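The values are calculated or read from the model by the stated rules, or taken from the named source; none is laboratory data. The model shown is predicted, which means the values in this text are computed figures rather than measured ones. For neighbour counting, all protein chains shown are included, and Cβ atoms are generated from backbone atoms with ideal geometry for every residue, glycine included. To get the accessible areas, we keep the full protein, side chains included, count just its heavy atoms, and leave off ligands, DNA and RNA. Shrake-Rupley method; radii C 1.70, N 1.55, O 1.52, S 1.80 Å.
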Amino acid sequence: MTLYLAALLIGVIAGLRAVTAPAAVCWAASMGILRLTGTPLAVLGTAIPLWIATIAAVFELISDKLPMTPSRKVPVQFGARLLMGGLSGAAIGASGGALAIGAALGVLGAVGGTFGGAAARGRLAAMFGRDLPAALIEDLTAVGGAALIVFVLL
């Protein structure tokens, strides 16, 4: 049951920050926390995907604050979040022999994270009178949440 919760929650993280979720999964796999050996997603625990995801996640944390960054709810951004949530959830599911269920839960979580994150950030930005503090809180939530999933739930 914890595996399913982790797959759903990693999807929520993908809804907040699309690349943070797969970066967390890659780190978990490379550290041996997430056992992907012998699964179709074993490559996620290797160096190249690990560093690509990590660099992309850092870039995403920076680019999210730029005024020209599109809304997470436009089709391309939304699709990327669903894809990354599904991939990350699938990896978590695959570690327990439930790749398809993990993928579905990851996508479901990404939908919730995308719309819930946008609403929460909008409310926080209104409360602060500007977006940056809200964006930084969302960053901390995404990175901290991903770390909790990796180190507590997996």
For GLY93, indicate whether it is small (Gly, Ala, Ser), open to solvent by less than 70 Å² (accessible area, probe 1.4 Å) and within 16 Å of the chain's Cα centre (by Cα). yes
In the set THR69, THR114, the lone residue that is of a type in the set (S, T, N, Q) and without any contact (Cβ under 8 Å) to a residue 40 or more places away in the chain is THR69
Among (1) out of contact with any Lys or Arg (no Cβ under 7 Å at 6 or more places or on another chain); (2) open to solvent by 40 Å² or more (accessible area, probe 1.4 Å), where does LEU132 come up short? (1)
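Return the residues of the range 53-86 that are in contact with a Pro (Cβ under 6 Å, 6 or more places away or on another chain) and under 15 Å from ALA146 (Cβ atoms); say none if nothing qualifies.
If the condition is that a residue be in contact with a Pro (Cβ under 6 Å, 6 or more places away or on another chain) and under 15 Å from ALA146 (Cβ atoms), then ALA53, MET84 are the ones that fit.
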Among the residues of the range 32-86, which ones are farther than 21 Å from VAL111 by Cβ, small (Gly, Ala, Ser) and open to solvent by 50 Å² or more (accessible area, probe 1.4 Å)? GLY38, ALA47
Confirm whether THR141 is open to solvent by 70 Å² or more (accessible area, probe 1.4 Å), within 12 Å of the chain's Cα centre (by Cα) and hydroxyl-bearing (Ser, Thr, Tyr). yes
Only one of ALA103, ALA98, ALA120 is modelled with pLDDT of 95 or more, out of contact with any Cys (no Cβ under 8 Å at 6 or more places or on another chain) and farther than 16 Å from VAL25 by Cα, namely ALA120
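Just checking, how many residues over the range 96-106 are open to solvent by 30 Å² or more (accessible area, probe 1.4 Å) and closer than 16 Å to VAL19 by Cβ?
0
Yes/no per residue for (1) in contact (Cβ under 8 Å) with a residue 12 or more places away in the chain; (2) among the hydroxyl-bearing types (Ser, Thr, Tyr):
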residue: GLY38; (1), (2): no, no
residue: THR46; (1), (2): yes, yes
residue: THR54; (1), (2): yes, yes
residue: LYS73; (1), (2): yes, no
residue: PHE78; (1), (2): yes, no
residue: LEU82; (1), (2): yes, no
residue: LEU99; (1), (2): yes, no
residue: ALA125; (1), (2): no, no
Residues of the range 1-35 satisfying the condition of being farther than 15 Å from GLY96 by Cα and in a loop (DSSP other than H, G, I, E, B): ARG17, ALA18, VAL19, MET31
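Taking helices (runs of 4 or more DSSP H) that fall entirely within the range 36-154, which contain at least 2 residues that are among the hydroxyl-bearing types (Ser, Thr, Tyr)?
In the range 36-154, 47-63 are the helices (runs of 4 or more DSSP H) which contain 2 or more residues that are among the hydroxyl-bearing types (Ser, Thr, Tyr).
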